[in-house]
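Student: Dumping the structure here so I can ask a few things about it.
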Amino acid sequence: MSRIATWRRAALAAGTCTALASVLLSGAAGAQATPPTSTAAAPDIDVAAVKADLSELQSIAEQNGGNRAHGQPGYKASVDHLKAKLDAAGFTTTVQEFSYGGSTGYNLVADWPGGDAEHVVMAGSHLDSVDDGPGINDNGSGSAAVLEVALAVAKADLKPTKHLRFAWWGAEEYGMVGSTHYVDQLASGDLAKLDAYLNFDMLGSPNPGYFVYDDDPELEKVFTDWYAAKNITTEPETEGDGRSDHAPFKDAGVRVGGLFTGAEATKSEEQAAKWGGTAGKSFDPCYHSSCDSTSNIDDKALDLNTDAIAHAIWELGS
């Protein structure tokens, strides 16, 4: 984070030949009726797969000077790594270039074939780290979660009603540069096709909170209802207002939603009572630091948030 989504047919038993004939006739008469359908439930995303992605991002950082920051080789290696997985899964991927601070930046955009192109549901996260560390919670966690949900879409061969698009942004840590470039480059007609943009930045903070963006009531309810069904109380997200990649979309009039587990703000006694963890300690003590590594992740929060993303994509895409 920057500082600046059966019909069951009733079996009828007949006790007599007359009743059986009646059933058969009525069945023939209704043979052309279409049974009601329901949206399939989103799959449970294996948190082990998400953590494996985080380990891969950590390795990329270690092989490239310790970070995955804009303008550094670790960032482009991260883009190439994710792109290869998405290409192999059947997505149409695009790498969008932009310039900032004398360096070339990259956004990675992946479109799932099919769905109504006039109604797009988009989910994204920033892929870059700060210069000081590998950026595994901020924001490898969001990037890996969105990646695994996208791969789950491919594995299920999902046929959504709406078009699904996933994105990984560059140079977020310099003020949402990549996502701003993407929004600014969209024609007004294409911007109007975005039904929703969902943002996921820091989903595995080690002293986690469960925060839901409250920018749009419908999108907020998708997440709060999911968590309520699991007896988890959420709070509106305020710490990251204007500080992550939803901001350029919101400023352009697109409905936005998302999830967050907290950054440098301090967990209160009340929050610790309902979520666990340590009161008086920041949600992520390694925020923007070299210790933001694979050891800086709460597995439960990462697991829950990834499953919540899958739920939202299945529900909103239907």
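The values are calculated or read from the model by the stated rules, or taken from the named source; none is laboratory data. The shown structure was predicted, so the numbers you read here are calculated from the model rather than taken from an experiment. With ideal geometry, Cβ positions are generated from the backbone for all residues, glycine too; neighbour counts draw on all protein chains shown. Ligands, DNA and RNA are stripped out before the accessible areas are found, and what is left, the full protein with its side chains, is counted by its heavy atoms. Shrake-Rupley method; radii C 1.70, N 1.55, O 1.52, S 1.80 Å.
Student: For the range 236-247, how many residues are buried (at least 22 other Cβ atoms within 10 Å of the Cβ) and not small (Gly, Ala, Ser)?
Tutor: Total meeting the criteria: 3.
Student: In this structure, does Ala69 turn out to be farther than 16 Å from Ala145 by Cβ, in contact with a Ser or Thr (Cβ under 8 Å, 6 or more places away or on another chain) and surrounded by 23 or more Cβ atoms within 10 Å (Cβ to Cβ)? Even if it seems obvious, please write down each step before you answer.
Tutor: Details: farther than 16 Å from Ala145 by Cβ: yes; in contact with a Ser or Thr (Cβ under 8 Å, 6 or more places away or on another chain): yes; surrounded by 23 or more Cβ atoms within 10 Å (Cβ to Cβ): yes.
Taking the combined requirement at face value, the residue satisfies it.
Student: I'm trying to understand the selection: among the residues of the range 48-66, which are outside any helix (DSSP H, G or I) and either within 11 Å of Ser293 (Cβ to Cβ) or among the hydrophobic types (A, V, I, L, M, F, W, C) (or both)? Show your work before the answer.
Tutor: First pass over the range 48-66, keeping only residues outside any helix (DSSP H, G or I): 63-66.
Passing the criteria: only Gly66.
Student: Can you tell me which residues in the range 132-188 are farther than 16 Å from Ala69 by Cα, open to solvent by 10 Å² or more (accessible area, probe 1.4 Å), assigned to a helix (DSSP H, G or I) and at pLDDT 95 or above?
Tutor: Result: Glu148, Leu151, Ala152, Ala154, Lys155, Ala156, Thr180, His181, Tyr182, Val183, Asp184, Gln185.
Student: Also, quick follow-up: Taking Asp116 as meeting all but one of (1) over 27 Å from Gly317 (Cα atoms); (2) open to solvent by 40 Å² or more (accessible area, probe 1.4 Å), write down the number of the exception.
Tutor: In the conditions (1) over 27 Å from Gly317 (Cα atoms); (2) open to solvent by 40 Å² or more (accessible area, probe 1.4 Å), Asp116 misses (1) alone.
Student: Here are some residues: Lys267, Lys281. Which one is among the basic types (Lys, Arg) and open to solvent by 10 Å² or more (accessible area, probe 1.4 Å)? Walk me through it before giving the result.
Tutor: Numbers: Lys267 fails: open to solvent by 10 Å² or more (accessible area, probe 1.4 Å).
Just one listed residue meets the conditions, Lys281.
Student: Determine whether the range 256-263 contains at least one residue that is of a type in the set (Val, Ile, Thr), open to solvent by less than 10 Å² (accessible area, probe 1.4 Å) and in contact with a His (Cβ under 9 Å, 6 or more places away or on another chain).
Tutor: The first filter runs over the range 256-263 and keeps only residues of a type in the set (Val, Ile, Thr), leaving 256, 261.
In the following step, the residues that additionally are open to solvent by less than 10 Å² (accessible area, probe 1.4 Å) were identified as 256, 261.
Still in the list and also in contact with a His (Cβ under 9 Å, 6 or more places away or on another chain): 256.
Checking the range 256-263: at least one residue is of a type in the set (Val, Ile, Thr), open to solvent by less than 10 Å² (accessible area, probe 1.4 Å) and in contact with a His (Cβ under 9 Å, 6 or more places away or on another chain).
Student: Now a separate question. Name the single residue, out of those in the range 284-306 being open to solvent by 20 Å² or more (accessible area, probe 1.4 Å) and in a helix (DSSP H, G or I), that is nearest to Ile232 (Cα to Cα).
Tutor: Leu304
Student: Let me ask you something else. Would you check which residues across the range 71-93 are under 19 Å from Met176 (Cβ atoms) and not in a helix (DSSP H, G or I) and list them?
Tutor: Gly71, Gln72
Student: Could you tell me whether the range 106-126 includes any residue that is within 18 Å of Leu54 (Cα to Cα), touching an Asp or Glu at 6+ places or on another chain (Cβ under 6 Å) and not in a strand (DSSP E or B)?
Tutor: no
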